[in-house]
Structures are given as C-alpha cells and as structure tokens.
Amino acid sequence: MLYYIGLNNCIYTLRVTLVLDVLVFKTKLNRFKKIKISLAMKLKIHFFVLFFIIVFQTNAQSYFYNDEYYDNDFIFEAGVSMGPMNCLTDIGGRKGLGKAGAKDLNINSTTFGGGIYLGAMYKHIFGLRIEATTGRVHSKDSLLEGVKKTAIGRYNRNLSFRTQIAEVSAIAEFHPLDFVRSFNLESFPPSFSPYILAGAGYFHFNPQARLYSDWVDLHPLHTEGQGFEEYPDRKEYSLNQFNLSFGVGVAYELSPKINLRIEYINRFLFTDYLDDVHDTYINPVLFSKYLNGNQLTQAVLLNNRGRPDAIPNETTAQPGSRRGNPLNNDSYFSINFKVGYIFGREKISSGNRYFRNSSRSPVRF
C-alpha cells in the first residue's frame with residue numbers, strides 16, 4: 001500500500017512538472033511579447049503541487065481498516081452457513097381454516113439446511129454473492145391433531161410430504177449503516193452492520209409421500225391430473241424452478257479476517273406444487289387411463305389419503321372437492337448462521353503503523 005501511495009505521489013508531481021515545462025516552452029516562443037512567469041506564479045504552482053500531495057495522502061487514510069490491517073474498496077468473503085428451514089404450503093399449518101403467510105406457520109415442521117457462499121463487498125455498503133444451499137422441508141396434516149376441532153377438514157385430509165431442495169442463488173446486499181453515517185476519513189467500518197438483501201435463485205425439488213415403509217416420488221403419479229386431457233388447465237409442473245429471495249441480516253466482523261452473520265431469507269416461488277397439492281381431487285378411475293403397474297397403485301392410494309374413520313361431512317377427500325388452495329403459491333424460508341473468511345486485507349508492517357491514528361469511530365459498536 002505504501003508503494004502504491006508513493007507511486008501516485010510521483011505521478012502527480014510529474015504531471016505538474018510537465019505543465020511547468022510547457023509554460024516555460026511557451027515563454028521562450030513568445031519572448032517577443034516579453035511575457036515572463038513571475039515568482040508569485042511559480043509559488044502558486046508549487047503550492048498546488050503540495051496541496052495535491054497532501055490531499056492524496058489524506059485520502060489514502062481511508063484504506064486503513066484498523067491499526068493492524070489495510071482495507072480495500074473491494075473485499076471478498078467465502079464461507080459456510082447452516083440453520084433451520086421451514087415452509088408454507090397447503091399441507092399442515094395451524095388451527096383454523098388456514099391462513100396466508102406466517103400466521104399458518106407450524107414450527108414443528110422445522111428442519112435444518114446448510115450451504116456455502118462466495119461474495120464481494122464494495123466499501124462495506126453494497127455486496128453481491130453466489131450461494132449454494134441444500135436442505136429438506138416437510139409437513140403433514142397430522143400436526144393438527146391437537147387443534148383438529150378447528151381444522152377438522154385438513155386433519156381428516158391426512159396428506160403429508162417431504163422434499164429435498166438444492167438451490168443456487170445470486171443475492172445482493174445493502175448495508176445502510178455505512179451508507180448514512182457521516183464520512184470520516186479517520187473512522188473504522190462498523191463491527192455490527194444490519195443489512196437488507198434480495199436476489200433470485202434456481203432450485204430443484206422433488207415432493208415425496210410415504211406409502212407404508214417407502215417414500216414415493218409424487219411427480220410421476222399426476223395425483224391431481226396434471227397433464228391429463230380431462231384437466232387441460234392443469235399442466236405438468238417442472239421440478240426445476242426459479243424463485244425470488246428477500247430478507248434481512250446482521251453481520252459482525254469478529255476480526256479483520258472473520259465475519260459472522262445471521263440472516264432470515266424467504267423464498268417466493270412461482271409454483272404451488274412444492275408439496276404436490278394445488279387444487280381439487282380427481283376421479284381415481286382416470287389413473288388407469290394414463291398409468292399402470294406400481295405407479296397406478298401408488299397414484300390411487302396417494303391421491304386420497306383421507307382418514308377412514310372421518311365423518312363424511314367433515315372431510316373433503318372425494319372427487320371434485322377441495323384438496324389444496326390454488327390462490328396462493330408455496331414458499332420456504334431459512335434462518336442462516338454464517339461464518340465467512342475475508343480476503344483482500346493486508347497486514348500493516350510494524351514500521352508503517354505511524355500512518356494510522358488509533359482513534360475509534362463512534363459507529364463502531
């Protein structure tokens with residue numbers, strides 16, 4: 001960094017020297033006009049040279065992270081993450097008729113996931129990262145047993161699912177603390193930095209249901225007639241989809257090289273088939289027209305899993321009746337605990353630390 005500062009100082013001095021040479025050359029060409037560069041003018045030029053050098057040296061102070069490390073406009077971070085995952089789908093939920101959003105979240109469906117990421121940060125304000133995440137989400141209507149009097153229809157429906165999720169996403173971060181704080185050339189970046197994030201991802205899923213002791217893939221079974229000519233509005237869904245991510249987080253730089261984060265990220269999906277449940281029950285006779293063998297047997301059994309002891313007027317498990325809610329797409333979210341290693345900061349040699357004032361910024365908590 002010191003070589004970088006010295007080189008730029010030389011460049012500024014060279015530029016001004018060239019200007020002086022040009023002025024002297026013009027003076028010689030125009031001697032007949034008897035124009036001379038006055039001593040005052042030369043003093044002004046030398047003053048400006050000194051001014052630019054001082055300004056550059058002052059600006060160079062912003063490249064110090066603290067008393068031990070240089071900072072850069074761009075730093076890079078690579079790390080790992082893990083934490084709980086959950087989902088909001090047509091299956092499970094909480095008491096009542098079912099609600100949109102967090103009001104229908106059942107914490108008993110929580111699982112764990114993890115991932116890795118690589119990102120870049122510009123001046124501690126704007127960040128962009130690529131992240132790979134894997135995990136599993138699941139839910140089941142039997143979770144409503146304790147509140148079945150208020151959710152008897154879903155409880156008697158008795159559906160369940162699980163799916164593994166593999167996701168790759170690009171996420172942008174904005175750290176407002178550094179953006180709004182007053183600019184102080186002698187200040188350190190804040191240790192705590194809350195931020196908002198948004199991005200887009202591409203993920204793979206594969207809903208399954210348990211049949212006896214086996215987990216069966218539901219997509220090939222067309223449980224709601226997806227792709228059947230009798231249901232032209234029910235297209236086969238893809239197991240690879242795009243999503244949008246939004247969330248908030250807090251970062252804490254434990255040291256110049258180690259960064260800790262906690263984030264909440266919600267994924268908004270463009271599908272309602274994360275759990276393979278979307279609309280109404282179909283006539284099970286249709287399965288024999290499109291399927292055979294084990295798939296036919298599995299489709300008939302897994303399309304309608306209603307409780308056999310359910311009172312008829314307390315269940316919707318019959319052809320044409322409501323199986324899912326087509327008005328809301330599914331979603332899943334995670335709370336991530338991250339540990340990252342920071343690249344791009346160089347250690348200051350002991351002989352050069354006099355360049356840095358040890359005062360702390362009031363925004364460094």
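The values are calculated or read from the model by the stated rules, or taken from the named source; none is laboratory data. All figures in this text were calculated on a predicted structure; none of them were measured in a lab. We place every Cβ from the backbone using ideal geometry, glycine too, and count neighbours over all the protein chains shown.
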Unique match (being among the polar types (S, T, N, Q), buried (at least 20 other Cβ atoms within 10 Å of the Cβ) and either within 30 Å of Leu260 (Cβ to Cβ) or modelled with pLDDT under 95 (or both)) among Ser193, Ser182
Ser193
Conditions: (1) at pLDDT 95 or above; (2) of a type in the set (A, V, I, L, M, F, W, C); (3) surrounded by fewer than 19 Cβ atoms within 10 Å (Cβ to Cβ). Leu218 meets all but one. Number of the miss?
(3)
Tell me, please, whether a residue that is under 15 Å from Asp275 (Cβ atoms), surrounded by 15 or more Cβ atoms within 10 Å (Cβ to Cβ), more than 22 Å from the chain's Cα centre (by Cα) and of a type in the set (Ser, Thr, Tyr) can be found in the stretch 79-102.
no
Please go through the stretch 252-287 and give me each residue that is more than 28 Å from Asn328 (Cβ to Cβ) and polar (S, T, N, Q), ordered by number.
Ser255, Asn259
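Residue-wise test of (1) crowded, with 16+ Cβ neighbours inside 10 Å; (2) closer than 19 Å to Phe161 by Cα; (3) modelled with pLDDT of 90 or more.
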{"residue": "Asp279", "(1), (2), (3)": "yes, yes, yes"}
{"residue": "Asn283", "(1), (2), (3)": "no, no, yes"}
{"residue": "Ala310", "(1), (2), (3)": "yes, no, no"}
{"residue": "Ile342", "(1), (2), (3)": "yes, no, yes"}
{"residue": "Arg345", "(1), (2), (3)": "yes, no, no"}
{"residue": "Arg356", "(1), (2), (3)": "yes, no, no"}
Within the stretch 249-275, take every residue that is out of contact with any strand residue (DSSP E or B) (no Cβ under 6 Å at 6 or more places or on another chain) and under 15 Å from Arg323 (Cβ atoms) and give me the one that is surrounded by the most Cβ atoms within 10 Å (Cβ to Cβ).
Leu274
If you check Ala299, Ala317, which single one turns out to be closer than 18 Å to Gly93 by Cβ and of a type in the set (Gly, Ala, Ser)?
Ala317
Can you find even one residue in the stretch 230-243 that is buried (at least 20 other Cβ atoms within 10 Å of the Cβ) and among the hydrophobic types (A, V, I, L, M, F, W, C)?
no
Could you tell me which residue of the stretch 237-288 is farthest from Val137 (Cα to Cα), considering only residues that are of a type in the set (Ser, Thr, Tyr) and in contact (Cβ under 8 Å) with a residue 60 or more places away in the chain?
Tyr252
Phe246 is checked against (1) over 26 Å from Ala198 (Cβ atoms); (2) surrounded by fewer than 20 Cβ atoms within 10 Å (Cβ to Cβ) and fails just one. What number does that condition carry?
(1)
Going through the stretch 140-150 in order, the residues found to be crowded, with 23+ Cβ neighbours inside 10 Å and either at pLDDT 95 or above or hydrophobic (A, V, I, L, M, F, W, C) (or both) are Leu144
